[in-house]
Amino acid sequence: MRIRDCADSGVLVEVGDLDEALALQAALAEEPPPGVSEIVPAARTVLLRVRPGEGSAEAVAAAVRRLRPHPGRRPSADEVRIPVSYGGADLAEVARLTGLDERGVVAAHTTATWTVAFCGFAPGFGYLVGDDPRLHVPRRPEARVRVPAGAVALAGEFSGVYPRSSPGGWQLIGRTDTVVWDLDRDPPGLLRPGTRVRFVEA
Amino acid sequence: MGAQSTRAVRPMPALEVLDTGILTTVQDTGRFGHAALGVGTSGAADHASCALANRLLANPSDAAVLEVTFGGLRVRAREDLTLAVTGATCPVTISGRGAAMNSVLHVPDGAELRLGAPERGLRSYVAVRGGIAVPPVLGSRSTDLLAGLGPPIPTRGTLLPVGPPPAAFPAVDAAPVAPLAADELLLRVVPGPRDDWFHPEALAVLLSEAYEVTDRSDRIGMRLSGPRLHRAREGELPTEGMVAGALQVPPGGEPVLFLADHPVTGGYPVIAVVVAADLPRAAQARPGTRIRFSPRTDRDRCR
C-alpha cells in the first residue's frame with residue numbers, strides 16, 4: 001500500500017491489484033478515516049478526498065496507514081439481478097474473441113458472479129469484475145458515437161451497463177430494461193462499489 | 001369571471017433572465033456524497049467569491065447564485081430584490097445607473113441589473129437574498145457541465161425563482177476585496193500523486209517556466225500552453241480518482257488544470273496539485289493569463 005499526495009485536497013492510496021483495491025474499500029468502509037468527504041474507488045487505487053477546513057490530508061494518511069485490509073474481503077453491499085436480452089451488436093465478435101460460441105458467452109456471463117469494483121466514465125457507470133477470465137476481451141478498435149442506455153457490455157476484465165445513451169468503446173453483448181441510474185431514486189445508482197450482480201437471461 | 005381570478009395571488013419573487021452573455025449557470029457550494037457513483041462536485045468555480053456574495057446578503061453559505069462567464073448578464077427583478085455581485089471586476093448597472101460590486105444592492109421590482117465585460121477576472125457571481133430556488137438535483141443546485149447534471153442552463157426568458165429571505169439581515173453594506181491579478185498569476189502546488197511518471201526535470205520545468213491559459217478552457221479544466229512535461233515511463237495509467245486543482249498531463253505534454261466540473265476519474269498522470277486555497281484565483285484566470293507554479297512551503301501548510 002502506497003499513499004500519494006493530492007496537496008491538501010486528499011490522498012490517493014495505491015495498491016497492487018483490483019483484489020487489494022476491493023479489500024481496501026472494505027477496510028475503509030469498516031473504519032472510515034475522519035474528515036473524508038468523498039471516497040473514489042478505482043482499479044488500483046482509492047482516492048480519499050477532504051474538504052479543506054473539514055479534514056486534513058495528513059490525518060487521513062495517518063488513519064489509512066493504521067488500516068489492515070483483509071485479503072479477499074469485499075465491501076459489503078446489496079445484490080441485484082439484472083435481466084438481459086442477449087444478442088448485442090458485438091456478441092458474435094465476443095464469441096470469436098473468446099473462442100466460445102454465442103450461447104457459450106451467454107452461459108459464461110450469466111453464470112459468473114460480478115462485483116461492482118468502482119464507478120466512473122459517467123454517473124452510475126459501474127465497472128463490474130467477474131470470476132471468469134474467459135470473458136476478458138479488448139475494447140472495440142473504434143468507439144461507437146452512440147451506445148444506447150441499458151446496453152450490456154464487456155471490455156478488458158470488466159462488464160458494464162450503460163446508464164444512459166453515450167459514446168462508448170465496449171463490446172455490446174445485450175441490453176437490459178433495468179434502470180441503473182435514476183435521479184429520483186436514493187441512492188440514484190443501482191451499481192454501487194461492492195454491489196454483487198447476477199445477470200439472468202430475459 | 002369567477003371569484004378566483006380576483007383574488008390577489010402574490011407571485012413568487014424571481015429573476016427574469018434577459019441575456020446570459022457567453023455562459024451563465026446556477027451554482028452553489030457543490031454536490032457531495034456521490035463521487036463513488038461517478039458524480040463530480042461541481043459548484044462555483046471561484047467558491048470564495050460565491051461565498052462572499054452570499055455572506056453580504058446574510059444568505060446561508062450553500063445558497064445558489066449565478067455564475068456569469070465574462071459578463072453580459074441582464075436580469076430583471078420580479079418583486080423588490082436584494083442582490084450582490086462579486087468575482088470578476090465588471091461594470092454593474094441597475095436600470096442604467098452605476099452600482100458597486102461587493103456590496104448590498106437593492107433592486108426594485110421591474111428594474112434591470114446588467115453586468116458589462118469584466119476588466120479583470122473571468123467569472124462574476126450574482127447572489128440574491130433568499131437564494132436561487134430552482135429544484136436541487138442530488139442535493140445541489142449546481143450545474144455540472146461535464147456530467148450534464150443539475151439545473152438547466154438559463155437562457156433568455158428563464159424565470160429563476162428566488163427563495164424566502166433568511167432570518168438574518170446583512171451586517172455590512174460592502175466588503176473590501178483584494179484586486180484580482182491582471183495578467184500573471186502565482187499558484188502554489190504540491191508534487192504528486194504521479195510525479196514519478198515524469199522525467200525529474202519535468203517538475204523543475206513546471207516550477208520555473210510560465211504557462212499560458214488557452215481559450216480551450218472551461219469549468220472542466222484550463223488547458224495550458226507552455227513547455228512540455230516529458231514522461232519517464234510509457235504505458236497506460238489505470239484510471240484513478242481526480243481532485244480539483246490536479247495538473248493532469250495528457251500525452252501531448254501540456255498540462256490541464258482541473259476546475260469545478262473535472263471528471264471524477266481520469267487516466268492520465270497528475271504531476272502536481274494546486275493547493276485548495278489558490279483555486280478561486282485560478283478560476284478567475286482568463287485566456288492569455290500567464291501562470292507560474294511555486295512549491296507550497298511549510299509556512300503555507302501551517303496557515
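The values are calculated or read from the model by the stated rules, or taken from the named source; none is laboratory data. Predicted model only: the values in this text are computed from it and were never measured. Methodologically, a virtual Cβ is constructed for each residue, glycine included, from the backbone with ideal geometry; neighbour enumeration extends over all protein chains shown. When the accessible area is computed, the model is the full protein with side chains, heavy atoms only, and any ligands, DNA or RNA have been set aside. Shrake-Rupley method; radii C 1.70, N 1.55, O 1.52, S 1.80 Å.
Which number in (1) within 18 Å of B:ALA88 (Cβ to Cβ); (2) within 14 Å of chain A (Cβ to nearest Cβ) marks the one condition that B:VAL126 misses?
It fails just one condition, (2).
Here is a list: B:ALA58, B:ALA77, B:ALA84, B:ALA53. Which entry is touching an Asp or Glu at 6+ places or on another chain (Cβ under 9 Å) and either open to solvent by less than 30 Å² (accessible area, probe 1.4 Å) or modelled with pLDDT under 95 (or both)?
B:ALA77
Can you spot a residue in the range A:182-201 that is within 30 Å of B:PHE32 (Cα to Cα), more than 13 Å from chain B (Cβ to nearest Cβ) and open to solvent by 40 Å² or more (accessible area, probe 1.4 Å)?
Yes, the conditions are met somewhere in the range A:182-201.
Give me a count of the residues in the range B:262-293 that are out of contact with any Phe, Trp or Tyr (no Cβ under 8 Å at 6 or more places or on another chain) and of a type in the set (Ser, Thr, Tyr).
Selection size over the range B:262-293: 2.
Kindly check whether there is at least one residue in the range B:28-35 that is under 30 Å from A:ARG185 (Cα atoms), in contact with a strand residue (DSSP E or B) (Cβ under 9 Å, 6 or more places away or on another chain) and free of Cβ contacts under 8 Å to residues at least 12 places away in the same chain.
No, there is no match, as no residue in the range B:28-35 is under 30 Å from A:ARG185 (Cα atoms), in contact with a strand residue (DSSP E or B) (Cβ under 9 Å, 6 or more places away or on another chain) and free of Cβ contacts under 8 Å to residues at least 12 places away in the same chain.
Tally the residues that are buried (at least 24 other Cβ atoms within 10 Å of the Cβ) and either assigned to a loop (DSSP other than H, G, I, E, B) or more than 18 Å from the chain's Cα centre (by Cα) (or both), restricting the search to the range B:114-130.
Count: 1.
Quick one: which strands (runs of 3 or more DSSP E) sit completely within the range A:12-95 and have at least 3 residues that are out of contact with any helix residue (DSSP H, G or I) (no Cβ under 6 Å at 6 or more places or on another chain)?
Passing ranges, in order: A:45-50, A:79-86.
Of the conditions (1) in contact with a His (Cβ under 7 Å, 6 or more places away or on another chain); (2) free of Cβ contacts under 8 Å to residues at least 40 places away in the same chain, B:HIS106 fails just one. Which one is it?
Condition (1) is where B:HIS106 drops out.
Taking into account only those residues within the range A:171-181 that are touching a residue at least 40 places away in the same chain (Cβ under 8 Å) and over 12 Å from A:GLY126 (Cα atoms), which is surrounded by the most Cβ atoms within 10 Å (Cβ to Cβ)?
Only one residue fits best here, namely A:ILE173.
Determine, yes or no, whether B:ARG233 is open to solvent by 30 Å² or more (accessible area, probe 1.4 Å), basic (Lys, Arg) and not in a loop (DSSP other than H, G, I, E, B).
Judged against the criteria, B:ARG233 is not a match.
Just to be sure, is B:ALA260 at the interface with chain A (Cβ under 8 Å from one of its Cβ atoms), open to solvent by 10 Å² or more (accessible area, probe 1.4 Å), under 15 Å from the mean Cα position of the chain (by Cα) and closer than 19 Å to B:VAL213 by Cα?
no
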